[in-house]
Amino acid sequence: MNELLAGLRSLDWSPLWISLKTACITMVICFFLGIFLAQKLGKWKEPWQSIADSLLTLPMVLPPTVAGYFLLLLFSKRRPVGIFLYSHFGIKVVQSFLGCVLAATVISLPLMYRNAKASFALVPKDLVQAGRTLGLSETKIFWKIILPLSGPGILSGTVLSFARALGEYGATSMLAGNIPGKTATISQRIALVMQDQDYVTAGVWVGVVLLISLFCMTALQLLSKRSSSR
């Protein structure tokens, strides 16, 4: 007990703030981008829709380190994209906080996209057709009919993308590195202290992640039931 209290007093809490900031920004990006892609790609014809769908959901089945490897190849300052971003805009992706957000977004976006797409597909077609009969534009139909009826699925994707971004490790380590106070997230901190056999500090961080994840999933269940009842 004394070791635990001493560990809490000396603990550097920066990984928590970095992880929360990364997860919040990622959640916002995934929310808008996931809805946009699900709505737009749902109108594509086959086989292009299936190809695009496979590409967007590929990070769900790939090991995160593989996704991080491709991101590192793409945004390295020795590669055309990385050179262009840094020389023209001063944007550095590798070993930066931007790299944390980008890696987390690539890994979390499929969750938001899949939930949004499934929710849009469950909207009754007769309601959409009724909106068209009443003279509503496609934009108004989306905002007034499709999106409100897809609320539970959208909410689920949003919370899951936040939770996934909070625990992201593999792609983040590859792209952003593990710089204390800058890119060192909770997951990276746990891996680092476990290498040093500091089980007390690792246990504290594991407990923090468990509490946040439990809160997210409980909030998701309560909000989903509330939305469904409405």
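The values are calculated or read from the model by the stated rules, or taken from the named source; none is laboratory data. This is a predicted model, so every value here is computed, not measured. Here the Cβ positions follow ideal geometry from the backbone for every residue, glycine too, while neighbour counts run over all protein chains shown. Keep in mind that these areas ignore ligands, DNA and RNA; they rest on the heavy atoms of the full protein, side chains included. Shrake-Rupley method; radii C 1.70, N 1.55, O 1.52, S 1.80 Å.
Per-structure values
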| quantity | calculated |
| --- | --- |
| Residue under evaluation Val94, criteria (1) within 19 Å of Leu175 (Cα to Cα); (2) of a type in the set (A, V, I, L, M); (3) assigned to a helix (DSSP H, G or I), criterion not met | (3) |
| Unique residue being open to solvent by less than 80 Å² (accessible area, probe 1.4 Å), out of contact with any helix residue (DSSP H, G or I) (no Cβ under 6 Å at 6 or more places or on another chain) and at negative phi when the list is Pro59, Pro47, Pro64, Pro80 | Pro47 |
| Test: residue in segment 211-229 that is open to solvent by 40 Å² or more (accessible area, probe 1.4 Å), without any contact (Cβ under 8 Å) to a residue 24 or more places away in the chain and among the small types (Gly, Ala, Ser) | yes |
| Neighbours by Cβ (under 7 Å, 6+ apart or cross-chain): first from segment 162-186, on the phi > 0 side of the Ramachandran plot; second buried (at least 22 other Cβ atoms within 10 Å of the Cβ) | Gly177/Thr183 |
| Single unsatisfied condition, Leu55 versus (1) aliphatic (A, V, I, L, M); (2) free of Cβ contacts under 8 Å to residues at least 24 places away in the same chain; (3) closer than 26 Å to Ala184 by Cα | (3) |
| Filter pass, Lys92 being within 23 Å of Leu20 (Cα to Cα), over 17 Å from the mean Cα position of the chain (by Cα) and either open to solvent by 40 Å² or more (accessible area, probe 1.4 Å) or at pLDDT below 85 (or both) | yes |
| Enumeration of residues in segment 157-187 that are assigned to a helix (DSSP H, G or I) and either of a type in the set (Phe, Trp, Tyr) or touching a strand residue (DSSP E or B) at 6+ places or on another chain (Cβ under 6 Å) (or both) | Phe162 |
| Filter result (in a helix (DSSP H, G or I), open to solvent by 70 Å² or more (accessible area, probe 1.4 Å) and modelled with pLDDT under 90) within segment 9-44 | Arg9, Lys40 |
| Tally, over segment 95-116, of residues that are surrounded by fewer than 24 Cβ atoms within 10 Å (Cβ to Cβ), over 20 Å from Val66 (Cβ atoms) and of a type outside the set (A, V, I, L, M) | 2 |
| Pick from segment 57-91, criterion hydroxyl-bearing (Ser, Thr, Tyr) and part of a helix (DSSP H, G or I), ranking: farthest from Leu41 (Cα to Cα) | Ser87 |
| Filtered residues of segment 193-210 (kept if open to solvent by less than 70 Å² (accessible area, probe 1.4 Å) and not in a helix (DSSP H, G or I)) | Asp198 |
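One line per residue, one yes/no per condition, for (1) in a helix (DSSP H, G or I); (2) more than 16 Å from Gly42 (Cβ to Cβ); (3) at pLDDT below 85:
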residue	(1), (2), (3)
Val101	yes, yes, no
Ala104	yes, yes, no
Pro110	yes, no, no
Tyr113	yes, no, no
Ala118	yes, no, no
Pro152	yes, yes, yes
Leu155	yes, yes, no
